[in-house]
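Single-structure report; data block below.
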Amino acid sequence: MAVGKSVQRVDGVAKVTGKARYADDFTMPGMRVAKYLRSTIAHGRVLTIDTSKARALPGVDGVFTYQDIPKKKFATAGHPFSMDPGHVDVADRLLLTDYVRYMGDEIAIVVADSDLTASKALSLIDVEYESFQPLVNREDILGDDVPEIHKGTGNVVKTHSFVAGGNLEEVKEECDHLIEGRYKTQIMQHCHLENHTAYAYMDDHQRIVIVSSTQIPHIARRIVAEALDMDAGLVRVVKPFIGGGFGNKQDVILEPMVAFLTKNLEGIPVRLKLDREGGMIGTRVRHPFDVKVQVGLDKDGTIKLIDFDALSNTGAYASHGHSIVSAGAAKTHYMYPRAVYSCKAKTIYGNIPSAGAMRAYGSPQMTFAIEAIMEEAARLVGMDSVEFRLKNGARPGDKSQITKKPIMTCGLLDTIRKGRELIDWKRKRKEWPKIQTGQLRRGLGIAIFSYGSGTYPVCVEPASARLILNQDGSVHLQIGATEIGQGSDTAFAQMTAETVGISFDKVHVVSAQDTDVTPFDTGAYASRQTYVTGQAVMRTAEQLKTRILDYASIITGLDVELITIADDNIVIAETPEIAVMSVRDVAVDAYYDKNRGGQITAEVSYKARNNAHVFGCTFVDLSVDIPLCKVTINEIYNVHDCGVVINPLGAEGQVHGGMAMGIGAALFEELMVDSDSGRIYNNNLLDYKVPTIMDIPDLGAAFVETHEPSHPYGAKSVGEAPVISPAPAIRNGILDATGVAVNELPMTPKSIFKYFKKAGLL
Amino acid sequence: MNRNISCTVNSKSMTWQIDIRMSLADVLREHGYTSVKEGCGVGECGACAVLIDDVAVDSCLYLAVWADGCNIRTTEGESKEGKLSPVQQAYLETGSVQCGFCTPGLVMASTSFVEQHKGQKVSREQIRKGLAGNLCRCTGYDGVVRAVEQCIDAEE
């Protein structure tokens, strides 16, 4: 049995030995280097640009400005194409621009024989700007008589509004208590260790090959074709090993540009690699939210309604902006599904770096607000924070207020009970003083979350797999799904081994994706692959198994009903210890017998038409040093219901990584923008505080397994969800320790100081 | 301006003619040691860490000319005859590998730490201090700490 076991990653040896090759590890003779000229203002217009000196520099192959590029705007969000015209992505990008929308906007690009020549050429370009007041804060962006960052938008990307589960105003009348809060979250950056990088060359006069660090090779292919107005079949996107993405590579950022450059330079290979500073402002960030939320409840602590008004700033370009708030609202409503759920949301443009997809896609921001106000609600009615959530949280039998469909599997309450035990909540509650007064105070915090597995029914969910039986009885698995570090290749190998009946080490996963070769899948996002692609892998594996057995039946003369595959052998189904022949021998016959057979393969393309909801919680025990305004985590646990755990070691790793990112969101990270100039203060890994190993305590990950009936192996998603609940749990822990409600992220000493001062603690 | 340097890389003697402006990271990568990764290029992330005379160094910040006469170790050289080093093996067993981009640098920093603390009792705090120069965004470092602990325990 391969599913459910902690197996070694299929790419593990390649990675620990440094043999794994990433996009920058491939070179081609004559490869050129491209570099962007980024704007030095945050908002304005290029009046004149003189590139003559740069063009004349020896070693420069080309200089392109906004004057030289296709005039067709395109959308960069890595979503599948939508056949519904009301649901298409926002096409607001050109390859280069003369209207500057953030500090660092791309107005020209140089191609040269080396890094140094390219940098020198950039310094020789003269630009004259007309500057406008940068619009950074909501008051400025939505003010009267302000310039439109994108014409005709009023600086609003999209508004959303829905009420689910009842009549909001009527229920408000019925509630014993109505409480309100306002919560703000910060701009974060993904900080995957591998920066964005891509190169392209041409195979002939038409065909463009792009090698890119992307989560979405098949989507990138379509978007490049759209941006350059060419057929998708002429674009080939190759994805080698990827050094992390977290959503920032679920966006088409460099691929259209490298394709454009090689196309305009006789097909020579051109590499465009962002440095860290360029990547931190010139790719995507997490949307900062400003959320007003109202909760209605009864005296006994029953939550009756949750009413949001959320504002999200997508920055310079829409990217995923139009869908982040709605996805966040939809996925978080499963936490408390018996309450009326109302959401009004507005996404605006601003002169800050463009925000896109980032791990959990709007849910962390919404959950910070929900779990903060729930803590206030619990305290208002005098209930224990855990009991309050046990009373109101989702339980088996609940239905979605939005889709009206039942939640198939829900282990939320069990995760809460398990977390309560792990942190020793009851004992600490009993023993710790109710009111603390010293300089060092200790608190307990909890927050829960809900999330989805994929994007259905909002988006199409296609996945494909191909299996080939090799001469040695091993199989090659080709999949369109994208391994970016999360471990999906390993999970697919486990599923294949399990269903075909061969050993795990006999499954070779083709990890590099190549859209000319691999079957269609939309890629790594929305925690979709184990769940969605897993459904295609299982079907492909069953098909392969059937074909192997059909052929074995021909060879052996045994009725196909009587035989099956176990431990790499064809065996008698009723007595599996009796091996008839090996799968290897079947393969050899199929390949080489002169009169029968042929290569045994299987291929399935499958669209998932389901979505499974995952649940869980964070429990934290922390200390707050009042004079230093410093929070120290003593113990922290994330408990997850992600269905059947396919690979415990891998799932634990996902949870740990998400928790660390959540702790970063809670206590350290913020991309800071000066509201007067639009300048980004900390576009590097020294000043932007990605947690180091010193900043992250020992992490506890635990699971409550449910068996999800919509998935062949009972699995649900685990990739993104771990990042959601640590920040609100820590916020609630600080409240517990100090009595002070910190309502914005990050809760750095600088921000906590303000709150402590106001509360009279300092 | 070019200059010749002689050094040992993973026990092999090398003589390379290099542009004196080049970092050791760039020179190593040009010669095929692509385990040396560039995450920032300015010594913030540790993805390019190699051992120079057994001390972990960010090779992006280290001029290649300084490596003249030095003994350099990269991740490629840590597994011998198809067998992983104890640190590499421990990384796999503790689930400390995800995207793998920080892994070579972390493996080298961990190797240096383990070698320097042979036979000693070390705390998790010491391990964390020893690896504070290496960023990882995927794992939350939990497995990394356990991997180093496991190697040190095995050395005892």
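Out of curiosity, is residue A:34 among the aliphatic types (A, V, I, L, M), in a loop (DSSP other than H, G, I, E, B) and more than 14 Å from every other protein chain (Cβ to nearest Cβ)?
no
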Give the residue, chosen from A:233, A:267, A:244, that is more than 19 Å from the chain's Cα centre (by Cα) and at positive phi.
A:267
Checking residue A:462 against (1) in the same structural domain as residue A:648 (by TED's automatic domain parsing); (2) closer than 21 Å to residue A:715 by Cβ, only one condition comes out false. Which one?
(1)
Kindly provide the set of residues from segment A:326-348 that are farther than 25 Å from residue A:415 by Cβ, of a type in the set (Ser, Thr, Tyr) and out of contact with any helix residue (DSSP H, G or I) (no Cβ under 7 Å at 6 or more places or on another chain), ordered by number.
A:326
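Residue by residue, here is whether (1) touching a residue at least 24 places away in the same chain (Cβ under 8 Å); (2) assigned by TED's automatic domain parsing to the domain that holds residue A:528; (3) more than 30 Å from residue A:100 (Cα to Cα) holds:
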{"residue": "A:306", "(1), (2), (3)": "yes, no, yes"}
{"residue": "A:359", "(1), (2), (3)": "yes, no, no"}
{"residue": "A:362", "(1), (2), (3)": "yes, no, no"}
{"residue": "A:396", "(1), (2), (3)": "no, no, yes"}
Which of the residues belonging to segment A:66-82 are surrounded by 20 or more Cβ atoms within 10 Å (Cβ to Cβ) and among the polar types (S, T, N, Q)?
A:76
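So, residue A:223, is that one touching a residue at least 24 places away in the same chain (Cβ under 8 Å), of a type outside the set (Phe, Trp, Tyr) and away from chain B (no Cβ under 14 Å) or not?
Yes.
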Residues being in a loop (DSSP other than H, G, I, E, B), of a type in the set (D, E, K, R) and touching an Asp or Glu at 6+ places or on another chain (Cβ under 8 Å) - total across segment A:266-305:
3
Of all residues making up segment B:106-141, the number that are in contact (Cβ under 8 Å) with a residue 24 or more places away in the chain, within 8 Å of chain A (Cβ to nearest Cβ) and more than 17 Å from the chain's Cα centre (by Cα):
4
Please go through segment A:187-206 and pick out each residue that is closer than 16 Å to residue A:258 by Cα and within 14 Å of another protein chain (Cβ to nearest Cβ).
A:195, A:196, A:197
A careful count of residues in segment A:115-134 that are among the polar types (S, T, N, Q), closer than 23 Å to residue A:273 by Cα and under 34 Å from the mean Cα position of the chain (by Cα) gives 1
Any residue at all in segment A:734-749 that is crowded, with 24+ Cβ neighbours inside 10 Å, acidic (Asp, Glu), part of a helix (DSSP H, G or I) and outside the structural domain of residue A:495 (by TED's automatic domain parsing)?
yes
Spot the failing condition for residue B:8; the list is (1) part of a helix (DSSP H, G or I); (2) of a type outside the set (Gly, Ala, Ser); (3) more than 14 Å from chain A (Cβ to nearest Cβ), and only one is missed.
(1)
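I'd like to check which strands (runs of 3 or more DSSP E) are fully inside segment B:41-136 and have at least 3 residues that are farther than 27 Å from residue A:240 by Cα. Steps first, please.
Numbers: elements: B:49-52, B:55-58, B:71-73.
Output list reads B:55-58.
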Residue among A:9, A:38, A:45 that is among the basic types (Lys, Arg), at pLDDT 95 or above and more than 29 Å from the chain's Cα centre (by Cα)
A:45
Just to be sure I understand, how many residues within segment B:11-37 are assigned to a loop (DSSP other than H, G, I, E, B) and not small (Gly, Ala, Ser)?
8
Is it true that residue A:20 is touching a residue at least 24 places away in the same chain (Cβ under 8 Å) and part of a helix (DSSP H, G or I)?
no
Count of segment B:61-85 residues which are of a type outside the set (D, E, K, R) and away from every other protein chain (no Cβ under 11 Å)
11
Residue list for segment A:375-434, filter: under 30 Å from residue A:456 (Cα atoms) and of a type in the set (Asp, Glu):
A:398, A:414
Within segment A:17-31, the residues that are within 10 Å of chain B (Cβ to nearest Cβ) and in contact with a Ser or Thr (Cβ under 6 Å, 6 or more places away or on another chain) are A:17, A:18, A:24, A:25
Checked against (1) within 14 Å of chain B (Cβ to nearest Cβ); (2) free of Cβ contacts under 8 Å to residues at least 60 places away in the same chain, residue A:209 satisfies every condition except (1)
Do we have any residue at all in segment A:92-99 that's farther than 30 Å from residue A:676 by Cβ, touching a residue at least 60 places away in the same chain (Cβ under 8 Å) and not aromatic (Phe, Trp, Tyr)?
no
Segment A:662-719, subset acidic (Asp, Glu) and crowded, with 17+ Cβ neighbours inside 10 Å, residue farthest from the other protein chains (Cβ to nearest Cβ):
A:708
Go through the residues of segment A:636-647 one by one and say whether even a single one is part of a helix (DSSP H, G or I), outside the structural domain of residue A:475 (by TED's automatic domain parsing) and modelled with pLDDT of 95 or more.
no
Please tell me if residue B:43 is within 12 Å of chain A (Cβ to nearest Cβ) and closer than 24 Å to residue B:133 by Cβ.
yes
Kindly establish whether residue A:639 is more than 14 Å from chain B (Cβ to nearest Cβ), under 30 Å from residue A:453 (Cα atoms) and of a type in the set (A, V, I, L, M).
yes
Surrounded by fewer than 24 Cβ atoms within 10 Å (Cβ to Cβ) and under 28 Å from residue A:89 (Cβ atoms): is that true of residue A:344 in this structure?
yes
Got a number for residues in segment A:389-419 being farther than 30 Å from residue A:621 by Cα and either among the polar types (S, T, N, Q) or touching a Lys or Arg at 6+ places or on another chain (Cβ under 8 Å) (or both)?
8
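The values are calculated or read from the model by the stated rules, or taken from the named source; none is laboratory data. Note that the structure is predicted; figures quoted are calculated from it, not measured. Here the Cβ is made from the backbone with ideal geometry for all residues, glycine too, and neighbour counts use every protein chain on show.
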